[in-house]
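A short worksheet on the structure shown next.
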Amino acid sequence: MGLSAYVLIKVASGHEKPVLSRLRELKNVECADLVYGIYDIILKVNVKNVEELDDFVFGVVRQMDGVMETMTCICSGGEEG
């Protein structure tokens, strides 16, 4: 069983569409959209474990040109009622 998480990303002005395009090409990204508010992009990612999530967020997303800040929300995996 894998791990799902939402990653909220704040990018520098004018970098929204190029960053979004690059993120949508990544294998762990299930969904990526531009959003209004404090953050500019939201991703839903699926990974094997926390270590793979660390590698993805710190080694890939945060290294992209224009990415200023991220916030990661790990899904609980709880059953729907």
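Quick note: the coordinates plus some simple rules give every number you see, no bench work behind them. Since this is a predicted model, take the numbers as computed values, not measurements. Virtual Cβ from ideal backbone geometry, glycine too; neighbours counted across all protein chains shown.
May I ask you to derive the FRET efficiency for residue 15 and residue 75 from their Cβ-Cβ distance with R0 = 25 Å, giving the value to the nearest 0.05?
Working: r = 27 Å, r/R0 = 1.07.
Efficiency computed from Cβ-Cβ geometry: 0.40.
Relative to the compact-globule estimate of 2.2 N^0.38 Å, the Cα radius of gyration of the chain comes out at 1.07.
Between the listed residues 74, 19, 56, the Cα displaced farthest toward the positive end of the dipole of the chain, a dipole computed from Cβ unit charges relative to the Cα centre, is found at 19. Of all lysines in the structure, the ones whose alpha carbon falls short of 17 Å from that of residue 27, not counting any fewer than 8 places away in one chain, are 44, 48.
Per-residue extension of 0.36 nm, minus the Cα-Cα distance of residue 54 and residue 25, leaves a gain of 8.6 nm for this segment.
Figure the gain on full extension for residue 6 and residue 65 (residue separation times 0.36 nm, minus the Cα-Cα span) and round it to one decimal in nm.
Values: separation 59, 0.36 × 59 = 21.24 nm, distance 2.01 nm.
In short, 19.2 nm is gained.
Placing unit charges on C-beta atoms (Lys and Arg positive, Asp and Glu negative, everything else neutral), compute the dipole magnitude of the chain about its Cα centre in debye, rounded to 20. Mind dumping the intermediate values first?
Working: 8 positive and 13 negative charges, 47 e Å.
About 220 debye.
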